[in-house]
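In what follows, a single structure is set out as C-alpha cells and then discussed.
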Amino acid sequence: MPGEKKHFVIIGGGPGGTACATHAARLGADVTLIEKDIVGGAAHLLDCIPSKAMIATGGAMSAMKEATAMGLAKVDVELDFDALRDRITHIEDHLEQSVSTLLASQGVRVIEGAGRLTGTHTVVAEPNDGSDPIELTADIIVLSTGSRPRVPDWAPIDGVHVLTTRDAYPPPELPDHLIVIGSGVTGVEFVHMFNSFGSKVTLVVSRNQVLPGKDPEAAAVLEQSFLDHGVKLLMGARAESIELVDEDTDAERVIVRCDDGRVAEGSHVLLAIGSIPNSEGLDLEAAGLESEWGYVTVDHNCKSNVDHIYAAGDLSGKLPLSSVATTQGRKIAQHAMGLHQGPHRHLDYDKAASAIFTDPEIADVGLAEADAFASGRKVRVTKVPFSLSAKAMINNDSRGFVKIVSDPNTGVVLGGTIVGRHAAELISVLALAVTARLTVTDLVESLFVHPALAEVLGEAAE
Ligand SMILES: Cc1cc2nc3c(=O)[nH]c(=O)nc-3n(C[C@H](O)[C@H](O)[C@H](O)COP(=O)(O)OP(=O)(O)OC[C@H]3O[C@@H](n4cnc5c(N)ncnc54)[C@H](O)[C@@H]3O)c2cc1C
C-alpha cells in the first residue's frame, strides 16, 4: 500500500542510492544507506564532477588566451596546479557535505562501511572503523554500487605515469605529453582538458571516428577542433601494450604500441576504455540474483529477478550517467512504495539527454539521424549552423550546428544533436520537446530571447 512503513537498505551512496534514499524517506520509509567510500558517490564525486571542474578551468585559460579577439589586451595565463587541486577538493567536500546534510534532514541512517547481501532480505555492513559487522533486515534492498575504470592486464597502472581516469583529478604532475587511449566520451574530454592546460596530447582512436556511435558530423567538428589545437590523432589504432621506460630516472617515458605496429611515445598515458561494475563484493548469489557481466539484470522498474531487490545506476547496466542513476533511484522509491499503481511513466533511456564537455561541446537526445536511416524509418532532418547566429558572433565562436530529427507527418520532435558553445545547456530544450512530444511548430512559435544561441533551435525547427 502507498505510504506503508517499509525498511529500505541501500548499498552504495552515489546518485542512484542517495536519490532513492531521500525519496523513499519522503514517502514514509525507514531508510538505511551503506557507503564505503564517499557519500555522494565515487564515480560521481571523484570522476564526473572533478572532470567538469578541470574542464571549466581549462576553458577559463582558453578564454584568456583568446582575449585579444574580444577586444582585450593580451594576458599571460599559467596553470596553478596547487590552486586547481584545492578547487577540486573544495568542490568535492562541499557536494559531499550537501548530500550528507540532505540525507540527515530526511532521517536517513548512513553507515560508513561496505555492504553485502547475506540472503534475500538480509544485508551485512562491515563498518570502516573496524567495529562489529551490522546485520540488517530489509523489506526492500537497493543495490547501487556503481562502476570503476576498466583496466586491461597489459596496462601497468602506477597512478603517476600510467593513469586511469580516477588518477587524473588532477594527476600528480602536469603531463608534458599525454597519450590518451580511448576516444569515447571520457577519452575526448581528457584530450580537451589537458590540451587546454598546455600539454601535448596524442589520442589513440581504435575506430575511424572519434566518439563511435555519435553523430558523424558532430564527431567531425570535434576531430577538426583537435587537429586545429595540435592534438595528434592515431586513427584506426588499437593499443595493446604500454611500456614505462627509465623508471629510475627523472625522465620517464611511456611507449604505447598499437596492433598495426604504430607507436606513440609520451610522458604519461591515460586509459579511458570503459568501466566495470562494482558487484564482486556484493555476494549476488546469496540472494539468487541474476546478472550479466557483473551487471544486475533489471526490468523497466529497475527490479531484479527477486521481487523486492532493485538495482540503480551504473550497476544496472543501463545508461551510465549520473542523471539516469538519480532518476532510477527516484523511480525505485516510487515503485517500491506502491506509487506505480497510479499514473506512472517508465524511465525511457532513449530519451536521456547527454553531453560531451569538449570544445565545442556536443550534446544529443532521442533518435539519431544515422539510427533512423539504419532502421529505415522516415524522418525529417533539419540543420542550421551557429554561423548564422548573432549571439555566436558576439561570443566570437560560430562553430557547430543544431540538428533536429522530427516525424515528417506529425512534426513531433524525435531527437536532436547540438554542437557548439553551451550545447549541454541548449539540449535541455530538445530533451523537453522529445519527452513532451512537442512538435517543430511548438519550437518555431516559442519566443526565445534575442540575441541568444537558443534562437538557432527555432530556426532549425522551421
Ligand atoms: C570520468 C567520468 C566522467 C563522467 N562524467 C559524467 C557527466 O558529465 N555526466 C553524467 O551524467 N555522468 C557522468 N559520468 C558517469 C557518472 O559518474 C556515473 O554514471 C554515476 O556516478 C553513477 O552513479 P552510481 O550511483 O551508480 O555510482 P557511484 O557514483 O559510483 O556511486 C556508487 C557508490 O557505491 C559505493 N560502493 C561500492 N561498493 C560498495 C559496497 N559494497 N558497500 C558500500 N558502498 C559501496 C562506492 O563507494 C560509490 O560511492 C562520468 C563518469 C566518469 C568515470
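Using 10 Å bins from zero, what percent of all Cα-Cα pairs in the range 360-461 falls into each bin?
Answer for the range 360-461: a P(r) of 17, 52, 27, 4, 0 percent.
By its C-alpha gyration tensor, with a ≥ b ≥ c as the square roots of the eigenvalues, how is the chain shaped: rounded for a/c under 1.5, else prolate for a/b larger than b/c, else oblate?
Verdict is oblate for the chain.
Quick check: Cα centre of the range 36-50 to Cα centre of the range 306-361, how many Å?
Taking the Cα centre of each part, the range 36-50 and the range 306-361 sit 18 Å apart.
As a test, work out the antiparallel percent of DSSP beta bridges whose residues both lie in the chain, rounded to the nearest 5.
60 percent
Which net charge results when you count Lys and Arg as +1 and Asp and Glu as -1 among the other residues whose beta-carbon is under 12 Å from that of residue 261?
After counting each charged neighbour, the total is 0.
Using all C-alpha to C-alpha distances in the range 198-280, build P(r) with 5 Å bins and read off the rounded percent in each one.
Calculated P(r), rounded to whole percents: 3, 12, 20, 20, 18, 13, 8, 4, 1, 0.
Taking the Cα centre as origin and putting +1 on Lys and Arg beta-carbons and -1 on Asp and Glu beta-carbons, what dipole magnitude results for the range 127-206, to the nearest 20 debye?
About 480 debye.
Mind listing the long-range amide H neighbours of residue 110? Cut-off is under 5 Å, sequence gap 5 or more, other chains count too, H placed in the peptide plane at 1.01 Å from N.
Under 5 Å from the amide H of residue 110 lie the amide H atoms of 33, each far enough along the sequence or on another chain.
Just to confirm a number: summing +1 for Lys and Arg and -1 for Asp and Glu over residues other than residue 362 whose beta-carbon lies under 15 angstrom from that of residue 362, what do you get?
After counting each charged neighbour, the total is -4.
Give the separation of the Cα centroids, the range 398-430 to the range 201-248, in Å.
26 Å
Give the percent of DSSP beta bridges with both residues in the range 21-177 that are antiparallel, rounded to the nearest 5.
70 percent
Report the full-extension gain for the segment residue 235 to residue 293: residue separation times 0.36 nm, less the Cα-Cα distance, to one decimal in nm.
Computed gain between residue 235 and residue 293 is 18.0 nm.
Just need the relative contact order of the range 360-461 here, percent rounded to a whole number, with Cα pairs under 8 Å and 6+ apart.
RCO, the range 360-461: 32 percent.
Quick check for me: using +1 on Lys/Arg Cβ and -1 on Asp/Glu Cβ, what's the dipole size of the chain about its Cα centre, in debye to the nearest 20?
With only Lys, Arg, Asp and Glu charged at Cβ, the dipole is about 1740 debye.
Using +1 at the C-beta of Lys and Arg and -1 at the C-beta of Asp and Glu, which of 444, 381, 362 has the Cα lying farthest in the positive direction of the dipole of the range 360-461?
Positive-end residue among those listed: 381.
Hey, got the dipole for the range 184-275? About the Cα centre, +1 on K and R Cβ, -1 on D and E Cβ, debye to the nearest 20?
My answer is approximately 340 debye.
Less than 29 Å apart at the alpha-carbon level, and either on another chain or at least 8 residues along: which lysines does that give for residue 36?
5, 6, 52, 303, 318, 331
Name the residue farthest towards the positive end of the dipole of the range 76-146 from the options 124, 79, 101, assuming +1 on Cβ of Lys and Arg, -1 on Cβ of Asp and Glu, about the Cα centre.
124
No value in this document is a laboratory result; all are computed from the given coordinates. Since this is a predicted model, take the numbers as computed values, not measurements. Cβ coordinates were reconstructed from backbone atoms using ideal geometry, including for glycine residues, and neighbour counts include every protein chain displayed.
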